Each structure stands twice: as structure tokens, then as C-alpha cells.
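As C-alpha cells, the structure follows; a few thoughts come after it.
The values are calculated or read from the model by the stated rules, or taken from the named source; none is laboratory data. Bear in mind that the values here come from a model prediction, so they are computed numbers and not experimental data. When we count neighbours, we look across all protein chains shown, and the Cβ atoms used for this are built from the backbone with ideal geometry, even at glycine. Surface areas here come from the heavy atoms of the whole protein model, side chains and all, with no ligands, DNA or RNA. Shrake-Rupley method; radii C 1.70, N 1.55, O 1.52, S 1.80 Å.
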Amino acid sequence: MKIRNAGVIALLSAGALTLSACGGGDEPTEPAAGDTGDTGTSETTDAPEFPEGSTMAELAEAGEITIGTKFDQPLFGLQGPNGVPEGFDVEIGRLIASELGIPEDGINWVETISSNREPFIESGQVDIVVATYTINDARKEIISFAGPYYEAGQSILTLTSTEDIQGPDDLAGKRVCTVSGSTPEQNLLENYPEAEVVAFGAYSDCLDPLRNGQVDAVSTDNVILAGFAADNDDLQVVGEPFTEEPYGIGLAKDDTDFRMWINDVLEQSYEDGTWTEAWEATAGTVLPTPEPPAVDRY
Ligand code: GLU
């Protein structure tokens, strides 16, 4: 698979993607030319207002938010040359920060890997996690999820020279690389016991073992694998997705006001085109643009 629109990626990495929904007002209020600073009676303030004591109010007041995301996954969360990650998850994180009135330099990006997402949320090391993070009941015992904002599905990556792996049933007797603490790992262990699972800390750790022949395939969400295949001519995604992986935004358990507010932000971004704009500038350079999924206000 080839990257079809390198220009968009260049634009994105230059930080040119501006999310239109900032501040919450319909139209941003510009000061009139020659404005002397006399604000008079006009209601020009764009700062969002939140219920006292809410997480939104605390974050907005601090002007800072710490967001956990992946740093090694092209299209969703990949650390750029300046250290700041880029991708669709990153844009979803930016959208939330923007709606809190937090400026770009108030976002503290922290790398989360699959196995430390719940602990990082529980301990307060991050305020939210946007990291190809599947919503499921086991995780909901520990944290809460806004969303979903995207629906992925587990798939398989092989070398382009591999012909005998076309779907999960072909993994019997094969060494399959995935990541500890991920849903694909769990699915392989539970439902494909004849596959020999090799689990690392991050999906990028699987690529050298695949090329060296230490493993025969890599398995995780189709969109993560598509990002690797887009960047590497020797890799291919095979078969159809064989699970459902609805991506949610992880936050502290039972912070219902914050969860519902993020759901509102997502729904607004579906309506005003911000979600599509973010998709098309990132993952959409390689993948088709889907309809955004309905949020689940459980
Ligand atoms: N979406 C799956 C999960 O949350 C796999 C991708 C990942 O490990 O980030 O476990």
C-alpha cells in the first residue's frame, strides 16, 4: 500500500490543520479594527463556561491537559520530528482541548502503550487517553469511555511474500506478534489457541521480528496495520477484519459529566464537519472516510 497523498501529510505535520470548532461559539467574535479596548456592553468573551467543580472547569482553569496517545502508530498517533505526535487520535485530543479553551501549547502529550492506559488514567498521570482504545466491559470496570468516535476491526499483517496466511484460521501453527494488554492479544489467546502468540510492548516492536522471520504475522486493528503497510512496501494487510473494535476516549471512572461533555463535543464535530476534516487530514490519506459512529451514552 502506498501513501496516496503525501501533500496532506506534509500539511498536517506543519500543524496546518486548524479545527474549526474552538471556543464553543457559533462565530468567533473578532475585535473591530481600531478597537481601543473599550469593550463596552458587548458580550465578546469566547471562553467556555463549565459547571463549578467539574473536570471541564478544572482543566479550563488550569489551561492545560495531559493526553495519553500512541507514539508509534502511523495515521493515529505517531511522534513527529518535533516530538509532538500526529494522527487522527491526536486530532481528537486537540479537538477536546480546543473545546475546553486550552491552547495548543497547553497540551501535554504523553506516550501510552496498550498495557498502561488504564493505570495511567487511574493514577491521574493523564486526564484522557485517545489511543486506538477499544471500549469494552472489562475496561469499563476500571475507567470510563466517551465515544466511540471510530470503529476498527482486528486484522492481519504479513510480508508481501507470504501467501499462506489470508485470515485468522490460517494462524494455526504460526507465530503471531501482537501487544500485551491489547484486545487482539486476548482474542488470539481465547479464540485461536493454535496460534503461537508473541506479545511485545508496542506494535512497531513487531516489524523487525516479522522481517527476520522470528514471527510469521502481526495482528491488531486493521487501521494500525494499514498505517504500517502504507509506510513499508514489503508489508501487506490480508483478509477482512474479524472483530469489532469501537474506539473510545478513556477517562476517570464515573466522571459522568466529563464523559457526557466529551460525547457532546464528538457529536458536534460530526455535525459541523470537524471530525471529517480531522479524518481526511490524517488516516483518511490512506483509508476511506467512514460515517462517524453513534456515541454510546451508557
Ligand atoms: N484497539 C485494541 C485495544 O485497545 C488494539 C489496539 C491497541 O492495542 O491500541 O486493545
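Name the residues in the range 103-115 that are assigned to a loop (DSSP other than H, G, I, E, B) and either aromatic (Phe, Trp, Tyr) or surrounded by fewer than 20 Cβ atoms within 10 Å (Cβ to Cβ) (or both), would you? Residue satisfying the conditions is PRO103 alone. From (1) surrounded by fewer than 20 Cβ atoms within 10 Å (Cβ to Cβ); (2) closer than 25 Å to ALA57 by Cα; (3) among the small types (Gly, Ala, Ser), pick out the condition that doesn't hold for GLY284. With respect to (1) surrounded by fewer than 20 Cβ atoms within 10 Å (Cβ to Cβ); (2) closer than 25 Å to ALA57 by Cα; (3) among the small types (Gly, Ala, Ser), GLY284 is out only on (2).
Residues considered: GLY239, GLY227, GLY167. Of these, the only one that is within 16 Å of the chain's Cα centre (by Cα), of a type in the set (Gly, Ala, Ser) and more than 30 Å from THR55 (Cα to Cα) is GLY227. Kindly establish whether PRO193 is touching a Cys at 6+ places or on another chain (Cβ under 8 Å), at negative phi and surrounded by fewer than 18 Cβ atoms within 10 Å (Cβ to Cβ). Spelling it out, it is not the case that PRO193 is touching a Cys at 6+ places or on another chain (Cβ under 8 Å), at negative phi and surrounded by fewer than 18 Cβ atoms within 10 Å (Cβ to Cβ).
Of the residues GLY213, GLY124, only one is on the phi > 0 side of the Ramachandran plot and without any contact (Cβ under 8 Å) to a residue 12 or more places away in the chain; which?
Values: GLY124 fails: without any contact (Cβ under 8 Å) to a residue 12 or more places away in the chain.
Selected residue: GLY213, the only one of GLY213, GLY124 that is on the phi > 0 side of the Ramachandran plot and without any contact (Cβ under 8 Å) to a residue 12 or more places away in the chain.
Going by the structure shown, is PHE242 closer than 25 Å to PRO293 by Cβ and either of a type outside the set (Val, Ile, Thr) or without any contact (Cβ under 8 Å) to a residue 12 or more places away in the chain (or both)? Criteria met by PHE242. Taken as a whole, the structure leaves ASP205 outside the set of residues that are closer than 23 Å to ASN136 by Cα, modelled with pLDDT of 95 or more and assigned to a helix (DSSP H, G or I).
Looking at GLY250, GLY227, which one is out of contact with any Leu (no Cβ under 8 Å at 6 or more places or on another chain) and buried (at least 17 other Cβ atoms within 10 Å of the Cβ)?
On the way: GLY227 fails: out of contact with any Leu (no Cβ under 8 Å at 6 or more places or on another chain).
Answer to the selection: GLY250.
Only residues that are touching a helix residue (DSSP H, G or I) at 6+ places or on another chain (Cβ under 7 Å) and either open to solvent by 10 Å² or more (accessible area, probe 1.4 Å) or not aliphatic (A, V, I, L, M) (or both): list them for the range 119-144, please.
Result: ASP127, THR132, TYR133, THR134, ASN136, ARG139, ILE142, SER144.
Evaluated against (1) surrounded by 19 or more Cβ atoms within 10 Å (Cβ to Cβ); (2) assigned to a helix (DSSP H, G or I), VAL218 falls short on exactly one condition, (2).
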